[in-house]
Amino acid sequence: MIFAVEKINANPDLLPNITLGFKIFDTCAAMRRAVEGTFWILSGGSKSIPSYQWQEKTHLAGIIGDSGSVRSILMAQILGIYRYPQISYFSTSPIMSNRNQFPSFFRTIPSDEFQSRGLAQLVTYFGWSWVGLLAIDNDYGLLGIQVIKEELLRSGACVAFVENILTNLPNRNAPHIVKTIRESTAHVIVVFSLPHDFIPVLEELLMQNVSGKIWVASESWSTSALLSSKRFQEILVGTIGFAIHSGWMLGFTEYLNSFHPSKYPDDDFAIAIWEHIFSCDWFENRNNRTTQECTGGEKLESYITKPDFRLSFNVYTCVYIFAWALQSLLQCKSGSGPFHEGECADISSFRPWQLLHYVKNTNFQADDKTRIFFNHNGDPPAIYDIVNWQLRTSGELEQVIIGIYNSSAPHGNMLILESTSIKWNTGDTQMPYSKCSLSCPLGFQKVTISGKPTCCYECAHCPQGEISNQTDAVECHQCSWDMWPNQEQDTCLLRGIEFLSYKDLVGVSLAAIAFFSSTVPVCILVIFFYHRTTPIVRANNWSLSCLLLVSLSFCFLCSLAFIGYPQPEMCLLRQVFFGMVFTLCISCVLAKTITVVIAFKATKPGSRLQKCSGIKVSYCAMGICVLIQLCICVLWLSCSPPFPEYDTQTLSRVIIVTCNEGLSGVFFWIMLGYLGLLAAISFIFAFLARHLPDSFNEAKLITFSMLAFLSVWVSFVPAYFSARGKNMVAMEIFAILCSSWAVVICIFVPKCFIILFRPNMNSREHLMKRDKVQK
């Protein structure tokens with residue numbers, strides 16, 4: 001504090017022509033003396049000031065202190081009445097953030113609430129979900145550990161146990177605490193305690209030989225020299241915790257190295273420091289406490305080998321806050337001031353509440369990394385050094401800074417750690433774990449155990465069709481519609497597309513058969529054309545035979561519409577094309593059957609069928625049959641046209657691209673049923689006419705062809721329902737080809753055989769002879 005005051009007074013740019021002074025009152029860590037000192041300062045105090053002269057016209061700017069929260073609370077309640085600014089460098093109680101109770105209290109050390117939240121984030125950062133909590137039984141410990149518990153539970157972690165260090169017992173309840181620690185499966189324990197209150201617990205841990213735990217330290221003991229002794233290093237090595245941020249004070253090290261009581265003859269504190277450090281009596285202040293006398297030649301720099309400026313930096317910033325507040329007050333321009341009607345405060349006669357305004361709005365850069373300002377509760381930005389207790393090569397414990405916690409960091413990056421610099425109690429950098437249950441691997445999900453915390457769970461395989469691609473998955477999830485789970489159920493793979501294509505062996509084989517088959521009716525038609533004058537061709541209605549052969553060729557070709565990627569246009573027309581050409585084919589067969597019956601019956605005297613004889617009746621019947629099917633197809637396309645559909649349910653690894661026939665395929669089965677009806681009628685007519693004379697009759701051939709046709713499509717129905725994907729399409733193509741070949745083979749192959757290989761049977765005499773034999 002003295003260094004900061006001298007540095008400010010020597011700075012011509014900060015408070016020019018203004019000299020800062022101070023009064024010091026030692027509260028001796030007693031509440032009564034804290035109250036007494038507060039009134040002593042407010043009443044003016046004595047005029048004996050170490051190093052400085054108290055002037056009548058000087059003003060009390062504010063109070064720095066106290067260190068303890070309890071004493072600061074008492075002081076703040078008094079100083080708040082008069083609105084005197086009070087800045088503490090070590091009071092961390094969250095209670096003091098209440099601006100209604102403490103309107104003029106500020107501090108340069110963060111509230112314990114920030115520390116508790118930060119420690120909870122630190123535990124979460126390492127993935128520790130099973131944690132023990134240990135706290136001293138006062139406001140510092142109980143309030144701090146409660147916030148940590150709430151934050152851990154909010155983040156999904158679980159608390160294995162909560163124990164209090166009882167300060168009213170000599171052994172601090174250490175046996176019970178150590179028993180709880182030993183029996184718990186938690187490897188990480190957060191400790192909110194003062195160093196001397198934690199020592200009995202450490203002694204008991206040594207006595208019961210309990211080690212291997214990771215300790216998370218609050219700032220009160222994270223840099224404790226008392227606990228860093230060799231006695232406790234086996235237990236505390238690897239400890240990680242928050243420490244007060246150590247700022248940089250330019251020139252302070254040199255100031256300490258040059259410090260000597262002779263420079264401050266009127267400063268009792270300077271002499272007291274010297275006597276304490278070197279265990280001697282200043283020769284001007286002999287009181288026979290020791291036999292050793294201070295020579296004055298002692299070197300302070302030999303004592304301060306590695307200074308710890310953490311608390312010193314807080315005091316340093318306290319002084320600078322008042323300096324910058326006074327600087328802002330001094331620079332105020334009349335008419336634009338913050339007070340009534342733009343007034344400014346007079347530096348020689350300002351009121352406490354006027355300076356309080358400037359203290360609230362203080363904002364300056366204390367060093368290269370630290371900016372000082374206050375939030376609405378009077379708290380500074382929460383900045384902590386994260387330290388790790390590591391063994392030096394000399395065998396001593398050392399607190400090594402391995403990161404920083406900054407509550408005001410941008411983008412929420414409050415916690416910054418160099419994980420590779422951490423050394424755990426195992427002696428390596430491999431991070432230990434602390435979980436109630438082992439992590440669930442990929443492809444598994446956590447299943448809670450009844451009666452236990454959520455962090456205690458079992459691992460269960462993901463259900464069929466679901467995956468988990470992270471450890472400790474709370475639940476599995478399904479892949480997107482175009483993906484499927486792999487065998488390990490830890491990732492989604494792209495699903496294949498299945499349809500009957502020309503690249504498939506089945507698809508190209510069926511296409512080749514269909515194309516070849518379509519040429520057979522054409523060849524038969526050519527044969528019939530060259531032999532159109534022969535009796536066997538003329539006896540079976542030449543024009544209907546030609547139309548039947550053409551329709552059969554199209555029946556074979558329509559199967560090609562079922563091969564390839566189901567495009568919207570193809571889905572719309574392929575079943576309609578199939579239905580219409582097959583209707584034309586079966587209508588021709590039915591017309592031929594009707595022609596045979598009419599031709600025979602019309603020859604009988606007095607037959608009414610003589611009026612119905614002729615080719616027109618056959619074409620009329622055929623036209624009606626085709627027209628009915630056309631109406632069915634038009635109604636189908638109007639009400640519920642077929643469309644391409646992605647079937648993702650049938651097969652897990654494949655998306656089946658198919659044509660949805662609309663309305664659950666009702667119109668498809670109506671169309672197919674109508675074909676069956678026509679075939680059945682043709683079969684019945686042909687069966688009844690099978691004994692008519694052969695000269696005029698191909699009824700037997702039609703009977704067998706329709707029987708085969710119906711057998712194919714009756715067998716198709718169950719096979720169609722049992723098939724899936726491209727097999728369903730292949731099944732329909734197979735039925736189309738088989739039924740078409742049934743008509744070709746049963747009706748036309750016997751005639752072609754006679755025409756080509758038995759021409760002697762293709763004569764009028766032979767036909768008449770057979771006719772007579774049958775009669």
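The values are calculated or read from the model by the stated rules, or taken from the named source; none is laboratory data. Just so we're clear, the structure is a prediction, and the values are computed from it rather than from any experiment. Here the Cβ positions follow ideal geometry from the backbone for every residue, glycine too, while neighbour counts run over all protein chains shown. The protein model used for the area step is the full one, side chains on, heavy atoms only, and it has no ligands, DNA or RNA in it. Shrake-Rupley method; radii C 1.70, N 1.55, O 1.52, S 1.80 Å.
Quick look at the numbers
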read-out: Residue check, Phe528 surrounded by fewer than 14 Cβ atoms within 10 Å (Cβ to Cβ) and part of a helix (DSSP H, G or I); value: no
read-out: Among residues of the stretch 673-706, those that are of a type in the set (Asp, Glu) and at pLDDT 80 or above, counted; value: 0
read-out: Count of residues meeting criterion [open to solvent by 30 Å² or more (accessible area, probe 1.4 Å) and aliphatic (A, V, I, L, M)] in the stretch 319-344; value: 1
read-out: Flag if Leu552 is under 18 Å from Phe748 (Cβ atoms), of a type in the set (A, V, I, L, M, F, W, C), touching a residue at least 40 places away in the same chain (Cβ under 8 Å) and buried (at least 21 other Cβ atoms within 10 Å of the Cβ); value: yes
read-out: Glu475, sole failed condition from (1) loosely packed, with under 14 Cβ neighbours inside 10 Å; (2) without any contact (Cβ under 8 Å) to a residue 24 or more places away in the chain; value: (2)
read-out: Given (1) over 18 Å from Phe192 (Cα atoms); (2) outside any helix (DSSP H, G or I); (3) in contact with a Pro (Cβ under 8 Å, 6 or more places away or on another chain), index of the condition Leu226 fails; value: (1)
read-out: Residue among Glu151, Glu113, Glu163 that is assigned to a helix (DSSP H, G or I) and either modelled with pLDDT under 90 or open to solvent by less than 60 Å² (accessible area, probe 1.4 Å) (or both); value: Glu151
read-out: Test: residue in the stretch 310-318 that is of a type outside the set (A, V, I, L, M, F, W, C) and at pLDDT below 90; value: yes
read-out: Matching residues in the stretch 194-222 - criterion: being open to solvent by 10 Å² or more (accessible area, probe 1.4 Å) and among the polar types (S, T, N, Q); value: Gln208, Asn209, Ser211, Ser220
read-out: Strands (runs of 3 or more DSSP E) completely within the stretch 345-442 that count 3 or more residues being surrounded by 17 or more Cβ atoms within 10 Å (Cβ to Cβ); value: 383-391, 397-406
read-out: Test result for Lys452, under 30 Å from Met570 (Cα atoms) and open to solvent by 40 Å² or more (accessible area, probe 1.4 Å); value: no
read-out: Test result for Leu707, more than 22 Å from Gly579 (Cβ to Cβ) and open to solvent by 40 Å² or more (accessible area, probe 1.4 Å); value: no
read-out: Residue match in the stretch 170-184 (condition: open to solvent by less than 40 Å² (accessible area, probe 1.4 Å), touching a strand residue (DSSP E or B) at 6+ places or on another chain (Cβ under 7 Å), hydroxyl-bearing (Ser, Thr, Tyr) and in a helix (DSSP H, G or I)); value: yes
